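Asker: I'd like to ask some things about the structure below.
The values are calculated or read from the model by the stated rules, or taken from the named source; none is laboratory data. Since the model is a prediction, treat every value here as computed from it, not as a measurement. Quick reminder, even Gly has a Cβ in these numbers, built from the backbone with ideal geometry, and neighbours come from all protein chains shown.
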């Protein structure tokens, strides 16, 4: 997990986009360097879990927006202001 994350973070850093992935990478690398394998695994699990939740929320939002667009009227009825003369 550390190598693909490193490439992803490097690409984002090149675009000057620092996110939580960079913090997780530093935390996991530090945990591995100090021999704290469980701490590194917990950080990786948190990162993966957060990514899964984000993907799930994105799918749900997309589905709800699509349903809202399907309910949108296709034809307007003109001026809808009351008693406008």
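Asker: Given (1) under 14 Å from the mean Cα position of the chain (by Cα); (2) at pLDDT 90 or above; (3) not in a helix (DSSP H, G or I), where does residue 46 come up short, assuming only one miss?
Answerer: Of the numbered conditions (1) under 14 Å from the mean Cα position of the chain (by Cα); (2) at pLDDT 90 or above; (3) not in a helix (DSSP H, G or I), the odd one out for residue 46 is (3).
Asker: Go through segment 15-35 and report how many residues are more than 19 Å from the chain's Cα centre (by Cα) and either assigned to a helix (DSSP H, G or I) or surrounded by 14 or more Cβ atoms within 10 Å (Cβ to Cβ) (or both).
Answerer: Residues that pass the stated criteria total 8.
Asker: Residue check: is residue 12 assigned to a helix (DSSP H, G or I) and modelled with pLDDT of 90 or more?
Answerer: no
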